Amino acid sequence: MAEKEEIVTKEESNAAEQPAAAKGKGNKTIIMMGIVVLISVGCAFVFVSKVYPSLTGNVQPDIVGQKAEVVAETGEVQAVKQPKTEKEPASASKEEKQKEWKTHGRETQKEYAASKKKEEKEGAEKEESLIVPLDTLIVNLSGSNGRRYLKAKINLEAKDGDVKKLIEAKSIQIKDRLISILSSKTLEDIDGLEAQENLRKETKDAVDVLLKVEGVLQVYFTEFVVQ
């Protein structure tokens with residue numbers, strides 16, 4: 001009987017210990033799950049803070065400072081480049097002038113300016129009429145005893161503006177010389193195209209002598225009447 005009571009007592013003791021062991025094992029499981037959950041939450045928070053710092057407010061000051069420096073440097077570069085862009089037209093104009101000087105075969109601006117001025121003057125003179133009209137001349141022909149006379153209107157073409165001014169300044173001397181030439185001619189001396197061509201040449205030579213320069217390009221008879 002004593003042995004049976006002892007066996008019953010052990011079985012009851014084991015039965016009492018089993019719930020306590022099961023309870024302790026359940027508590028450990030809960031603790032482990034809690035630890036796992038906390039670790040998972042912590043890892044998720046770290047990941048989010050790294051990938052999306054704005055969501056957690058964890059914005060690194062260094063990055064903000066770097067962005068500010070980049071913006072400042074960009075503004076300075078634009079400020080430096082802007083005056084250079086404004087000066088480009090002047091530089092381009094200078095390059096065009098240098099190219100034009102080289103095209104004309106001149107090395108200095110002074111030589112080019114003088115040549116350009118001369119070209120402009122020559123162009124203006126071409127546009128301006130270089131024909132100098134003289135007064136109408138009426139002379140008695142030689143050998144006609146005063147019965148025949150020549151009425152001629154002569155125009156002189158000057159080589160340039162300076163010669164034109166010289167002809168105008170000496171118009172009286174030129175007219176006197178032409179009267180002497182025409183009054184020395186007979187009717188036969190001025191009759192026909194060849195005779196008139198010879199008279200043109202003689203007139204040109206006479207005027208050049210008075211001007212002391214070969215400044216007359218052509219002599220024109222706009223009126224040539226013998227009566």
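The values are calculated or read from the model by the stated rules, or taken from the named source; none is laboratory data. All figures in this text were calculated on a predicted structure; none of them were measured in a lab. For neighbour counting, all protein chains shown are included, and Cβ atoms are generated from backbone atoms with ideal geometry for every residue, glycine included.
Find all pairs meeting these conditions: Cβ atoms under 8 angstrom apart; at least six residues apart or on different chains; first residue within the range 132-147 and aliphatic (A, V, I, L, M); second residue modelled with pLDDT of 90 or more and assigned to a loop (DSSP other than H, G, I, E, B).
So the pair list comes out as LEU141/ARG148; LEU141/LYS185; LEU141/THR186.
Listed residues THR222, THR203; which is in a strand (DSSP E or B) and either touching a residue at least 40 places away in the same chain (Cβ under 8 Å) or among the β-branched types (Val, Ile, Thr) (or both)? Quick ask: steps written out before the conclusion?
Numbers: THR203 fails: in a strand (DSSP E or B).
Testing whether each residue is in a strand (DSSP E or B) and either touching a residue at least 40 places away in the same chain (Cβ under 8 Å) or among the β-branched types (Val, Ile, Thr) (or both) leaves just THR222.
Do the conditions hold for LEU156, that is, is it at pLDDT 70 or above, under 22 Å from ALA206 (Cα atoms), in the same structural domain as ASP189 (by TED's automatic domain parsing) and in contact with a Phe, Trp or Tyr (Cβ under 9 Å, 6 or more places away or on another chain)?
Yes, satisfied.
Does VAL132 satisfy the criteria of being β-branched (Val, Ile, Thr) and in a helix (DSSP H, G or I)? Steps first, please.
Working: β-branched (Val, Ile, Thr): yes; in a helix (DSSP H, G or I): no.
The answer is no for VAL132.
Being among the polar types (S, T, N, Q) and on the phi < 0 side of the Ramachandran plot is the filter here; which residues of the range 144-185 pass it?
Selection gives SER144, ASN155, SER171, GLN173, SER180, SER183, SER184.
Only residues that are closer than 17 Å to VAL163 by Cβ and of a type in the set (S, T, N, Q): list them for the range 190-227, please. Write out each step before concluding.
Let us first name the residues in the range 190-227 that are closer than 17 Å to VAL163 by Cβ, namely 203-220.
Matches in the range 190-227: THR203, GLN218.
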